[in-house]
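Okay, so here's the structure we're looking at.
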Amino acid sequence: MKPSASPGRWSDLGPRLGSGLVMLLLGAAAIWAGGVVFAALAVVVSALMVWELAAMLVPARRARAVVLGLLAGASLAAIFVLHSPFALALLIVPSLAGLWRLARRDWLVWGLYAFAIMLTGYGLVALRDGLNAPQGLRAIVWIIAVVVVSDVMGYFAGRTLGGPKFWPRISPKKTWSGTVAGWIGAMLVGAVYALSGIGGWGLLLLSPLLAFAGQLGDIAESWIKRRSGVKDSSALIPGHGGVLDRFDALIGAVLMVLLVAQFGTLPFVGG
């Protein structure tokens, strides 16, 4: 008799969908509102991610993790309030502050990843409100759509098709089938933008690149978790783990957008 599929394969689907819906509604409202509302969300999420990162690296010193998380939120909020190019130096404050609070072996990991989190929070707000209204909104929706669609397609393809692992030593659950499905999903997002006239055809190439950067962000966080001996960055989000577990791909994607933006105009500002 052929054994039935293990129910554990989809056991996290219910909580994952429920909490995902809540995050979608909150995020959509903040993105639509922009301004102070979206900036406040970026501050809170960035602070939580820095807290989780510090808690993974120094699990025995939770108070230090809380302090670093609060410092990250305060630094990012100050940048948005001051509106000065000189205030951007505050992006490195959490990284520098953590150096004397963490073990030396964690300095490079902490310094780079904490800075990446801060730059992501700043970059999202800069893209949303730095461009004129319709362009900023389109940019953020595109980034998040690419990350979400590639993640969802990768999740279901990986669970359904299985196959060879993408990087078993670092991320044992990630498969090549899920990875490629994520790229295809991202390309579909780019196609929708291009066909609807609100983005250029360059998005057909840029969207999969964004998805790949997001997957690298996921792998980077997986490496830190394995290094720290934890399964999830925290237990804040049912079905997803921690805030970092949910937004690790967004870090990679936003950093890629900021990098590409340095070399020309992003093709999402059509129409």
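Each reported figure results from applying straightforward, stated rules to the coordinates on display, with no laboratory input. A quick note: this is a predicted structure, and the numbers were derived from the prediction, not measured. A quick note on method: Cβ atoms are made from the backbone with ideal geometry, for glycine too, and the neighbour counts reach across all protein chains shown.
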Q.
Under 8 Å for C-alpha pairs, at least 6 residues apart: give me the relative contact order for the range 16-261, rounded to a whole percent.
A. 19 percent
(Q) What distance in nm lies between label points placed 7 Å from Cα along the C-beta direction at TRP100 and SER228? (A) 2.3 nm
Q.
Test of understanding: express the Cα radius of gyration of the range 29-113 as a ratio to 2.2 N^0.38 Å, with N the residue count.
A. 1.14
Q | Spacing of the two label points (7 Å from each Cα toward its C-beta) at TRP107 and ARG61, in nm | A | 1.4 nm
Q | Cα-projected label distance for LEU88 with PHE263, points at 7 Å along beta-carbon direction, nm | A | 1.9 nm
Q: Report the normalised scattering of the chain as log10 I(q)/I(0) at q = 0.07, 0.10 Å⁻¹, calculated by the Debye formula with identical scatterers on the alpha carbons.
A: -0.25, -0.52
Q: Compute the length gained on full extension between LEU161 and LEU70: take 0.36 nm times their separation in residues and subtract their Cα-Cα distance, giving the result in nm to one decimal.
A: 28.6 nm
Q) Which number gives the lysine pairs in the chain that have C-alpha atoms under 14 Å apart and are eight or more places apart or on different chains? A) 4
**Q.** Ranked packing of 209-219, 67-77, 22-32, most packed first, by mean Cβ within 10 Å
**A.** 209-219, 67-77, 22-32
**Q.** Alpha-carbon Rg/Rh ratio, for the range 121-271, with Rh computed the Kirkwood way
**A.** 0.99
(Q) As a footprinting exposure proxy, order TRP110, TRP223 by other Cβ within 10 Å, with the fewest listed first. (A) TRP223, TRP110
